[in-house]
Structure formats: C-alpha cells, structure tokens
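The values are calculated or read from the model by the stated rules, or taken from the named source; none is laboratory data. Because the structure is a prediction, the values reported are computed rather than measured. As a convention, Cβ positions derive from the backbone with ideal geometry for all residues, glycine included, and neighbour counts pool all protein chains shown. Accessible surface is based on the protein model in full, side chains and every heavy atom, while ligands, DNA and RNA are left aside. Shrake-Rupley method; radii C 1.70, N 1.55, O 1.52, S 1.80 Å.
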Amino acid sequence: MAENDQHRITLNELAQRLNCSTSGLSENEAKARLKFYGANVLKVARETPEIIKFLRQFNNFFVYLMLAGAALAFLANHLQADQENFFIGFALLAVVLINALFTYIQEFQSERIMDSFRNMMPNNMTVWRDGALKQIDAKFLVPGDVIQLEEGDRIPADGRLIEVNQLKVDLSPLTGESEPQLRKLACSHQHLLESRNMVFSGTLVQSGNGRALVYATGMHTQIGRIAQMTKAIEPAVTPIRKELKHFIQIISVIAIAMGGLFFVASLLLGKALLSSLVFAIGIIVANVPEGLLPTVTLALSMASKRMASKNALIRNLEAVETLGSTNVICTDKTGTITQNKMKVTTLVLNNFEWSAYQADLTHAPGFKEAWMVMTLCNNARLSGKAFQGDPTEGALLQFAHPLKPFQTLFEQLPRVHESPFDSSNKRMITSHVDGAGVFWHYMKGAPEIIFEKCSLCWQASGIVEFDAGFRQVAEQIYQRLAARGERVLALAMKSSSGKTIGEEDFVFVGLVGMIDPPRPEIADAIDKCRSAGIRVFMITGDYQVTAEALARQVGLFTGAGQVIAGSQIETLSEAELSAILDQRELVFARTTPLQKLKIVKALQRKGEIVTVTGDGVNDAPALKNADMGVAMGLSGTEVAKEAANIVLLDDNFATIVSAIEEGRTIYANIKKFVAYALSHTMPEMMPFIAFIVLGAPLALTFLLILSIDLGTDMLPSLGLGKELPEKDVMTQMPRKRGERLLTQAILIRSYLVVGLLETAAGFFAFFVVLYQAGWVWGQATTKFDLAYKTAVTSYFAAVVVCQTVNVMICRTHLQTIFSARFFSNPIIWLGIAMEWGLVFAVSEIEGLQAIFGTAALGWFEISLGLPFALLLLLADEYRRCLLRQENAFAQRWLIW
C-alpha cells in the first residue's frame, strides 16, 4: 500500500480503502485475499534456487583447474587408450563432484538449523472471522483482518487500533525505544511510527488488550521494509574466502606455469606430443592439492559443530575463521555484558541512602509514599516470582511486594488516568482516586526531569520546600548512584481535587537505584580479549555516567578510558572520528542504530576486522555491514538473526570470546594443513622433471600421486583441522586484514625444505632398489618389470614415511612436538593408520598392484625413507627452538 496516512485518516476511511469493515472478514474473503496478498511471512533471506546454490560450488578456480586436468586426461586416453589416464580423469571428476556435494550439504544443514530460530513471527493469532474469535496461523493473516491483542502477544502485522484497554506495546524491536508505549485511538503524531493509534509487526504487547484492523502484512509491514533494506546490503567478503581465493590463484599459476613450461621443454627435447601432454598433466596434478577444498570445508564444519556445543550457532561456515581474525568487538550492554536481570539495590529517602535489603527499611520516613509510587505508577504485573512487563517496572514490583504486599491497593486506589513514559518526556504519571474522592497522582522518571517538576520534598519532619540546597544534595546522590552503575529513577507524588492536573508542584519523595548485574564471567572474557589484542567497545543507549561505571566494573576501562555520547558522533568529521577510534578503551553512550553503523564503517575504513553484536531490527544494517555480525538468540529478533553470521544461543559475551578462540584455532589449523599438503608437491613433481630432463625412469605414477593427495593425506589433513588450540592462541595479536594464508615462509618450508627432503628420500629408495636389481643408468625400463615396480612402490613408501613425520610436526607451530598432547587427536592416528593401510593395500593386493603398477615391499625397502624422516624431525625441532628464542632469522623466514 503506497499511502502512509493510515494513522491520520478515520477508521471508516481506512476500512473503505481496504474494502472491509471493522468487524472482520469472512473465511471466504480471507482466502481470496490470501491468494492476492500472499502469506504473512518475512522473506529475509535472499531466495536462491537450490540448484543454483549447488552449482555455485563449482565456481572456483581450483575446480576449473581440476576439470581441465580431467579433460586432458580423457583427451590423452582418447588419443591413445590407456587405462591409467582414464582413471586419472575419473578420479579428478570425482574429487570435484564430492567437494561440491559436501560443501552444499554442509551449507544446507546450516540453513535448516536456522529455520528453528524463526520465532519472531508468532505461530498463532486470535482473529475475528465470520463475526467470531478464531485461532489461526499468523501466516494466514491478510489486510482487512481484525486481530485481538492480549498481554504477551507478539503482534503479527501492522494495524490501526479499533479498541484499547490500557494497552502498552514494546516497540524496541522496531524503534529501539526501551520503554513500552501506551496506545490510544486518536492520532498523536504526524509520523506513522510515532502515532499511538498504530501497532506494528514484531512488537510485543506488554500489558492491557485491544483490537486492531490489519492494513499491511509480510514484507509490506514496517519490519518487512527494514528486512528488504537489509537484503539490499551486500554481505562483507570473509577473510578466509579472500585467502583461499588468493591461495588457489597462486597454486594454480604455479601448476599451470610448471605444466606449460615442461610441456614445451618436452616437445623441444623431441618427445612425442602425446607423451608431452601426459607429462604436463602429471605436473599439474602434482601441484594441485586436490584435498584442499574438502578438507577446509570439513574443518570449518567441525569447528561450527564444536561452537554450537558452546552456544554459538554458525550460519555461514566461513564465519568461523572470520571471528578468529577479529580485532575490534562492538558489543551491546544489556543482556550481553549484563544479565538482563534488573533489581533494586538502593532507596534514597530524606537524602539518606538505604540498602534495598536493610531490615528496618519499611520503618524509614517516606517509605510508604515511595512504596506507593513504585507500586501504583507501574504497568508490570507479578506472576509468582516472575513478572510480565517492562524489566524496570518488574524490578520495582519485585522489590516492593515482599516488603509490603499490595494486593488490595489497586482496589482501594483504582487508576483513572495515565500519562505514559516516552523518550521525549522521560516520565510516567498515573492518577488514582480514593474512597473519599481525592485524586492521587504518582510520577516516576529521569531524575533531572522529575526535579524540575517538584516544588516540595518529603522529609522526616514533614513536607518542606524543595529549595536549591535540597535539590543540590539530591543531584549529588543521583550522580553518585549513577557512578556506581545504577540506573536511577526519581519518585514524586501529589494530591488534588480533580483528575486533570498540571505537571508542577509535585512532592519529591526519593530516588531508587537499580542495577542489571554484569555476568560473572564477563571480566575474565574481556581480559582474554585484551591479551589477544582485541579491543572491546561497548555501544549502549544508557547514560554516560552509568555506562562508564559498568565499563570500569567489568574491566572495559583499566585506565582513563573515554565515553563518547551519540550526540557527539553527529558533530565529528570523518577524520575526527577516525582519530578517536584509535584509542584502546572506548564506550559509546546514548547511541542510535545509525550511529552504531557509522562507528562500524569508520572502523572498517581503518582496516579493522569488526565484530558487532545486536538484537533488534534496527541493529540489522550494522550486523550485515560488519565483518562478523553476532545476534542474540534469546532476545534477538528474526531480522537481526538473519542479518548476522553467528547467533549466540545464550546471549553471553563470554561465548563470543570462546568462539574467537575457536576461530583462531581453525585458521591456524588451515595453515597447518596447507603446510602439510604442499609438502608432497615436490616429491610428486620431481619424478616427472627427472624423467623428461634427465631421462631417468619415471619414479611415481599418476595414480600413486592421486593416492597420496586423496588417500594417504586426506584423513591426516582432516586431523590437523581438528587439532585443539595451542597454549598461546589467545595471547597472539589478531592477524591483519592483509595477512596472507600462503606466506613466503610456508612456500620455503613446503617446497624447499620438507619437499626436497621427501624428494631425496623417494629418489634414494627408488634408485637403491633399482641398483640392487642390477639396473644401470640409461637402461630402459617398462612398467611390467618387477624391479621397476618395486622401486616405484619404494618411492611411494618413502614419501609416506616422511609425511607421517610431517603430519606430527605440523600439529604445533612453536611448541615441541612432544608437548602437543601426543595422543589427543585420534583422527591423526587414524589417518596415519590409513596411510600405511593404503601402502600395504597397493603393494600386497594383486588386483591393486595391477591397477597402480606396484609390487610387494619388505622391511628393507620401507626403512629406506627413515633417515630422511628423522632428519626432518630434528630440523623442525631446531626451527622451533630458534623461534622460542626469538631468533631474528627464524622470525623472518621460518615462522609459518
């Protein structure tokens, strides 16, 4: 509906526009409208066909490279029938398909898990149909329906109120307004969202009841429009996606360059076109770590499941690692740093502070009056030990009731009028009448507002003038309570002979201080962030003094710190805001969602990787724009959850820190895998180079290369992805946005150190076996010679021997291998067992010997690679020793 005047026109005009009446629709009419308007659902996520999601898994340069390799293998097989070339092509296609299926299934499962969190839209709603009240699924609501609203209902659509009875609605999911708003039948504001005669989808009925005429459903509601805006924001590309893309590009360039170079060299040396083509395929296949993508996907998936057990639901697999690279966290206060359990701690009467739990409090002068204000100027309702309604008002009732039960008070002093609290007036007034016809007016609100409305104050000696001296003392106490982190309300009252009064000449009764206790684990979590080089900024709607007090209490401020008000942000230039964001300790108070988004964008412009927490609809743009959006699972709205990458099931800041540790661990584990997987590139590639350049017999076949890549190395690689965090993972600085996954040190280690050692081990075993069989250099060999097959198998076994040691040394970066909880990772040991099981299978099983071109080995042939494996172990232990001693050369070239 294009019009935005639904709150200004009369009810009859709105009903005519909707072609309905204010008594509701018939079932037949509702069904017809459902076909026209569609279901009342929020389509927050972009709708992508499942087949497109699956096909996206093939949009990867590694995939293109493997498909090209498969095509070349099939071409070679076509030009000259060779069972081995056919197996190579088939194996490469299988890798591509399995990886695509695996990644798609993991993402599909992640999306299905999120479906269980779509709880913002209620399942059922009471609606007037055919002149009677009926319960229907909220998704079947249509414009023209009349809904019945009761306390506790989540409003399912936008509507114009027809009837109200002390109806108060919590608009915070939509507007961020913390106090529930009293609804009225008359238009109260020119702006639709501010008018009290309207209700909106996703908001909550705190108290009272009413009826409303639905005029907008689904994506046409106010919350739907915000959801549509959120969809329009392109999500940030995750750091791991960038790094994998860069890694794939580098390795692909190396593979193609090497394959092309030696293809040309082979032709120049007079080799046939077909043999040169086959040779090029071998070089490319040897350079491509085919197991990379499945391993990374599975490692991320396993990390996601571990994080789910820690109450962090991952909506995108790559989000796991992004959280680990975070260096700034912008966090909410209520429910994240605090427990969201408001309770009264202090009562100030006669300018004297009373603890909320002092035994003689009820005898204090002025207590009765303060108790009446807290009880009567209140819209919450107790239900056993719990309450329904606003947390602040609920805390007042939970404090007041045990001290002096008030069951009959509402009957003795029935409410006749209410002037509700809102963000502009910052006070609430209720009027009541007693049996003698006297009207009593009770007021609570922000102290600075209440003070201005009081001319008298309650003292032990009676009611006296609230002069400058009394006011100064009251303001000092107010500031003192706020500095302790307490939320402070002022209480006032007066009587009159009529219901209508002015807002002046009230009697100041006292102050009440409340606190939302910080979570007990929050201080330790913030300290861990500080040790990990992560800055934590709190962004809250609270007052500056209260926010600063909490920041000091939980350890956000350890030094001077600085509190920036939202109003200040609006006046700062981009350069000034950027300079402020360089500080280590910051709190932003009295901020709006737009200001929160401005802070996030300013941090990103500085190159920071930003994690943002939020729970309301108005937080969604900041969550979507952040590198990592974290939504609250308990208190968060559906739009916030859909915009986020991670949903905290317990709304706990400490859970973010645990997830950061997991994210850092998975990135470190991916680097371990890369270092491990690239190590066998040289021993796989050098036999082809030696074959074409030196005329040596081919020491390794294509199928054995794939056996190493996909057979012997796959499970150990997965084991590295499951390694536990190292001791220093949360004492290292976050990696910078431009830091590479594939570093110069990793390339040197993998190709020039470990790779050459493994190559030497393989050739040593290969030629020892050949020379023992009487072979001499230059003598021709065929794939049917037993000695040649034994030599090839020995090369393969020597590489596996070295890779067995390699996977063990890859488990840690700095710690000695013997301190790495040797048997803590069963997948590593299962992988090693699988490696040697495959060696046994291809060397001992006759059917596989025929396929792989191998022969049986004895202990002598297997032991030929052991000296090189021992040298590899000792060399890497020496490297770690140098790094632990902070050797400059090692720090520059040997840390990976």
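Quick check on my filter: what residues within the range 58-70 are in a helix (DSSP H, G or I) and either in contact with a Leu (Cβ under 7 Å, 6 or more places away or on another chain) or open to solvent by less than 60 Å² (accessible area, probe 1.4 Å) (or both)?
Once the filter is applied, which keeps residues that are in a helix (DSSP H, G or I) and either in contact with a Leu (Cβ under 7 Å, 6 or more places away or on another chain) or open to solvent by less than 60 Å² (accessible area, probe 1.4 Å) (or both), the range 58-70 yields F62, V63, L65, M66, A68, G69, A70.
What is the residue count in the range 598-624 for residues that are at pLDDT 85 or above, over 20 Å from I337 (Cα atoms) and part of a helix (DSSP H, G or I)?
Here the count works out to 6.
Just to confirm my filter: which strands (runs of 3 or more DSSP E) fall fully inside the range 413-477 and include at least 1 residues that are crowded, with 20+ Cβ neighbours inside 10 Å?
Because the criterion is at least 1 residues that are crowded, with 20+ Cβ neighbours inside 10 Å, the strands (runs of 3 or more DSSP E) in the range 413-477 that meet it are 427-433, 439-445, 454-459.
Going by what's in this entry, would V253 be described as more than 41 Å from the chain's Cα centre (by Cα), modelled with pLDDT of 80 or more and among the β-branched types (V, I, T)?
Here the answer is no, as V253 does not meet what is asked.
If a residue must be free of Cβ contacts under 8 Å to residues at least 60 places away in the same chain and buried (at least 16 other Cβ atoms within 10 Å of the Cβ), how many such residues does the range 809-819 contain?
0
So, in the range 784-821, how many residues would count as being under 29 Å from A833 (Cβ atoms) and assigned to a loop (DSSP other than H, G, I, E, B)?
Count: 9.
Is it true that N669 is among the polar types (S, T, N, Q), modelled with pLDDT of 80 or more and farther than 26 Å from E521 by Cα?
Numbers: among the polar types (S, T, N, Q): yes; modelled with pLDDT of 80 or more: yes; farther than 26 Å from E521 by Cα: yes.
When the stated conditions are applied, N669 passes them.
Restricting attention to strands (runs of 3 or more DSSP E) lying wholly within the range 262-358, give those where 3 or more residues are closer than 30 Å to L397 by Cα and at pLDDT 75 or above.
Working: elements: 312-314, 328-331, 343-349, 352-355.
Of the strands (runs of 3 or more DSSP E) lying wholly inside the range 262-358, those with at least 3 residues that are closer than 30 Å to L397 by Cα and at pLDDT 75 or above span 343-349, 352-355.
Out of everything in the range 499-510 that is surrounded by fewer than 24 Cβ atoms within 10 Å (Cβ to Cβ) and not charged (D, E, K, R), what residue ends up being farthest from L481 (Cα to Cα)?
T500
Can you tell me which residue among S325, S304 is hydroxyl-bearing (S, T, Y), open to solvent by 10 Å² or more (accessible area, probe 1.4 Å) and closer than 30 Å to Y104 by Cβ?
So the residue among S325, S304 that is hydroxyl-bearing (S, T, Y), open to solvent by 10 Å² or more (accessible area, probe 1.4 Å) and closer than 30 Å to Y104 by Cβ is S304.
Which residues, taken from the range 17-43, are out of contact with any Asp or Glu (no Cβ under 7 Å at 6 or more places or on another chain), farther than 22 Å from G210 by Cβ and exposed (fewer than 14 other Cβ atoms within 10 Å of the Cβ)? Lay out the reasoning, then the answer.
As a first pass, look at the range 17-43 and keep what is out of contact with any Asp or Glu (no Cβ under 7 Å at 6 or more places or on another chain): 17-23, 28-29, 31-41, 43.
With farther than 22 Å from G210 by Cβ added as a condition, the list becomes 19, 28-29, 31-39, 41, 43.
Across the range 17-43, the qualifying residues are N19, N28, K31, A32, K35, F36.
Taking the criterion of being at pLDDT below 90 and of a type in the set (D, E, K, R), would at least one residue in the range 859-869 satisfy it?
No, because not a single residue in the range 859-869 is at pLDDT below 90 and of a type in the set (D, E, K, R).
Collect the residues in the range 185-219 that are among the basic types (K, R) and under 18 Å from N12 (Cβ atoms), keeping them in residue-number order.
Keep residues of the range 185-219 that are among the basic types (K, R), which gives 196, 211.
Selection gives R211 alone.
Could you look through the range 687-706, keep only residues that are out of contact with any helix residue (DSSP H, G or I) (no Cβ under 6 Å at 6 or more places or on another chain) and assigned to a helix (DSSP H, G or I), and pick out the one that is surrounded by the fewest Cβ atoms within 10 Å (Cβ to Cβ)?
L694
Scanning for something aromatic (F, W, Y) and in contact (Cβ under 8 Å) with a residue 12 or more places away in the chain, does the range 381-395 turn up at least one residue? If you could, list the steps in order and put the result at the bottom.
Just the residues of the range 381-395 that are aromatic (F, W, Y), to begin with: 387.
Within this subset, residues satisfying the condition of being in contact (Cβ under 8 Å) with a residue 12 or more places away in the chain are none.
No; the residues of the range 381-395 include none that is aromatic (F, W, Y) and in contact (Cβ under 8 Å) with a residue 12 or more places away in the chain.
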